[in-house]
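Structure first, then comments.
The values are calculated or read from the model by the stated rules, or taken from the named source; none is laboratory data. Quantities reported herein were computed from a predicted structural model and do not represent experimental measurements. For neighbour counting, all protein chains shown are included, and Cβ atoms are generated from backbone atoms with ideal geometry for every residue, glycine included.
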Amino acid sequence: MNNEEIMGCDTLSVLVLERNVGADANTEYILPEYLPEIRKLLHVEQTVIPPAKYVNSSSAQMNGTVDYRVLYVGADGGLYTAPVSAEYRVNIPIDMQDFIDSSEGLEMMCSVCGESVNPRATGPRRISIRSRLKCTVRVIGKVRLCESMLGEVNLMSIYKRRESCLTAEYCSSCSDIFETEYEISPLSEGMRIADADAKVFVDSVNMGDGRISCRGDVMFRALGIDENSGELMKVSKKLPFESEIELDREMPDALVRVRGIPSEVRVEIDEDRAICKIGVMIEACCLANREAEYTADIYSSERECKTVEQEYESAQVLLCKNANITLSERLSSEDAGLSADAEIVEVFASAAIDSCKRENDKVIFDGSTKLSVVCVDNGEYLCTDMMLPFRYETDSAFDGEPSSFSGAADVVSIRANNDGGNFSVDAELALGVDCMGKSRISAVDEVEFGETAESEENALIVCYPSQTDTLWSVAKRYKVAPSKISGDPQVDKYIIIE
């Protein structure tokens, strides 16, 4: 006999898998004929497109694409960019525990960010890129909180102590790619767009009716070079957008984080103007805690019984949110790796969240930002890299110690200056973070009913409870309904059992 016959069973979310794994995205690329040969590689900017994911009881799999934009000095001494893409795949075995109910389905959470990019010119027109990715993968499974009942028993004689705990619910989705445009005009004769880039800043998120509505800005910038004079033209523009993301189910009271990803930046020259088209997709993660009920203890007033308990670790949401932080640094030009006379052409930046911990009532995320400063020094293009740490502290939505975290950090705007031997940089970072914890519970998994319990019918019992006694423990010890007890074991010197 199963408990489902007399009471609906709840489900508990448990973390089946929590792993950080590396993946390689490597490629070889040959420049098309319309681009000049390579004199010097300066920088490779990478964008990780959200992966496709699949999970079953034996493995978690995902595959995706990384887009690169290679900035280099051509054989004619000018700046050029070339688009390159590479694919990656990840397959993580899962050791599924027996109590996970595979019929309830598994949910997979994943985030992918770049760790390192190593480009190399292997020929005048050939580029080799070796890239390392960090993949954070979590798989949530479901446990049916139902106890099996063995032996004959009168159902009306069974008493249960029901308890509850918080357990996580997860939902994610990604918007279709939408496009926004910006026109650079008039474009003077001889002006060439050497590089174009975009970042996505989401500043408003609303959730309801199974969808997420977002507003923000596409932070577009372009670098033009006059082929005749060598003069640089820098363009930057905020392009507002609105987008909606459909969810596959309602998530009441969910915490949400979203991230905007520029999927493609194209520049089309039409006579005296440059038409810049930016493809954007919005990725959303929703997490919520709900209450799950389970049987913590059980007995019969008519039968002796023996119980088997099972311990579980309930997956719980601690926080899930978006945030913005600023990063500022002042250095001497020498400490920044630049000469005092170096003229900054462009600054590229990428950021990653490295760790998460709880200190007192705060959750702290530590990360690092890599700056790549492209400059002209004595007529030569150079690129200097530097690392700057950042920290984000926030209140947790729920109590608990983090067991795993995921998220992304994007540098959505950056300004740098090198003047009089002093280097300064100011950047704005958009964060989307979440972290989860675990709470241990002990639930009745099986109960076996045996011989008829001894009882004294129509007897009146006076009980002197101990300091640890509760109404439940006394009722179970004497095998009576809790309603048969007059008094409070935790307050009264003695209580009456009818």
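Would you point out which residue out of Leu247, Leu232, Leu239 is among the aliphatic types (A, V, I, L, M) and in contact with a Phe, Trp or Tyr (Cβ under 8 Å, 6 or more places away or on another chain)? The conditions single out Leu239.
Residues in the stretch 163-177 that are assigned to a strand (DSSP E or B) and either in contact with a Ser or Thr (Cβ under 6 Å, 6 or more places away or on another chain) or of a type in the set (Val, Ile, Thr) (or both): Cys165, Thr167, Ala168.
The set of residues in the stretch 384-394 being of a type outside the set (Ser, Thr, Tyr) and without any contact (Cβ under 8 Å) to a residue 60 or more places away in the chain consists of Asp385, Met386, Met387, Pro389, Arg391, Glu393. Here is the figure for the stretch 468-498: residues that are without any contact (Cβ under 8 Å) to a residue 12 or more places away in the chain and over 17 Å from Ser300 (Cβ atoms) total 3. Return yes when Glu454 is of a type in the set (D, E, K, R) and outside any strand (DSSP E or B) and no when it is not. Here the answer is yes, as Glu454 does meet what is asked.
With respect to Ile127, determine if the residue is at pLDDT 95 or above and of a type in the set (A, V, I, L, M, F, W, C). Spelling it out, Ile127 is indeed at pLDDT 95 or above and of a type in the set (A, V, I, L, M, F, W, C). Note on the stretch 425-442: among residues that are surrounded by 15 or more Cβ atoms within 10 Å (Cβ to Cβ) and among the small types (Gly, Ala, Ser), the one that is nearest to Lys370 (Cα to Cα) is Ala427. Quick check on the stretch 359-375. Is at least one of its residues modelled with pLDDT of 95 or more and in contact with a Gly (Cβ under 7 Å, 6 or more places away or on another chain)? No; the residues of the stretch 359-375 include none that is modelled with pLDDT of 95 or more and in contact with a Gly (Cβ under 7 Å, 6 or more places away or on another chain).
For Asp434, the conditions (1) under 19 Å from Leu331 (Cα atoms); (2) of a type outside the set (Val, Ile, Thr); (3) touching a residue at least 60 places away in the same chain (Cβ under 8 Å) are fulfilled apart from (1).
For every residue, the table says whether it meets (1) in contact with a Cys (Cβ under 7 Å, 6 or more places away or on another chain); (2) within 27 Å of Val218 (Cβ to Cβ).
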position: Cys375; (1), (2): no, yes
position: Asn378; (1), (2): no, no
position: Pro389; (1), (2): no, no
position: Glu393; (1), (2): no, no
position: Phe405; (1), (2): yes, no
position: Ala408; (1), (2): yes, yes
position: Ser413; (1), (2): no, yes
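Could you please let me know if Ala288 is within 30 Å of Thr394 (Cα to Cα) and either touching a strand residue (DSSP E or B) at 6+ places or on another chain (Cβ under 8 Å) or of a type outside the set (Phe, Trp, Tyr) (or both)? Against the criterion (within 30 Å of Thr394 (Cα to Cα) and either touching a strand residue (DSSP E or B) at 6+ places or on another chain (Cβ under 8 Å) or of a type outside the set (Phe, Trp, Tyr) (or both)), Ala288 qualifies. Against the test of being assigned by TED's automatic domain parsing to the domain that holds Thr369, in contact (Cβ under 8 Å) with a residue 24 or more places away in the chain and under 24 Å from the mean Cα position of the chain (by Cα), the options Ala323, Ala222 yield a single qualifying residue, Ala323.
Inside the stretch 93-109, can you point out the residues that are surrounded by 13 or more Cβ atoms within 10 Å (Cβ to Cβ), at pLDDT 80 or above and assigned to a loop (DSSP other than H, G, I, E, B)?
The answer is Ile94, Met96, Phe99, Ile100, Leu106.
Every test in (1) farther than 20 Å from Ala408 by Cα; (2) surrounded by 14 or more Cβ atoms within 10 Å (Cβ to Cβ) is passed by Glu18 save one, and that test is (1). Of the listed requirements (1) closer than 25 Å to Gly400 by Cβ; (2) outside the structural domain of Gly367 (by TED's automatic domain parsing), Thr307 misses just one: (1). If I ask for residues that are surrounded by 10 or more Cβ atoms within 10 Å (Cβ to Cβ) and in a strand (DSSP E or B), which ones from the stretch 457-498 would you list? Matches in the stretch 457-498: Ile461, Cys463, Ile485, Ser486, Ile495, Ile496, Ile497. Are any of the residues in the stretch 390-408 out of contact with any helix residue (DSSP H, G or I) (no Cβ under 7 Å at 6 or more places or on another chain) and closer than 27 Å to Val235 by Cβ? Yes. Out of the residues in the stretch 156-179 meeting the condition of being among the β-branched types (Val, Ile, Thr) and buried (at least 18 other Cβ atoms within 10 Å of the Cβ), tell me which one is farthest from Val44 (Cα to Cα). Once the filter is applied, the top-ranked residue is Ile158. What's the total number of residues in the stretch 122-167 that are of a type in the set (Gly, Ala, Ser), within 28 Å of the chain's Cα centre (by Cα) and over 27 Å from Gln97 (Cβ atoms)? Summing the residues that are of a type in the set (Gly, Ala, Ser), within 28 Å of the chain's Cα centre (by Cα) and over 27 Å from Gln97 (Cβ atoms) in the stretch 122-167 gives 1. Against the test of being among the acidic types (Asp, Glu) and assigned to a strand (DSSP E or B), the options Glu189, Glu183 yield a single qualifying residue, Glu183. Restricting Val137, Val143 to those that are in a strand (DSSP E or B), farther than 18 Å from Gly22 by Cα and assigned by TED's automatic domain parsing to the domain that holds Gly230 reduces the list to Val143. The set of residues from the stretch 353-388 being within 30 Å of Tyr72 (Cα to Cα) and not in a strand (DSSP E or B) comprises Asn378, Gly379.
Scanning the stretch 389-408 for residues that are assigned to a strand (DSSP E or B), modelled with pLDDT under 95 and buried (at least 17 other Cβ atoms within 10 Å of the Cβ) returns Ser404, Phe405, Ser406, Gly407, Ala408. A residue that is assigned to a loop (DSSP other than H, G, I, E, B), modelled with pLDDT under 90 and within 30 Å of the chain's Cα centre (by Cα) cannot be found anywhere in the stretch 43-52.
Applying the criterion of at least 3 residues that are farther than 30 Å from Val143 by Cβ and polar (S, T, N, Q) to the strands (runs of 3 or more DSSP E) found wholly in the stretch 255-342 leaves 303-332.
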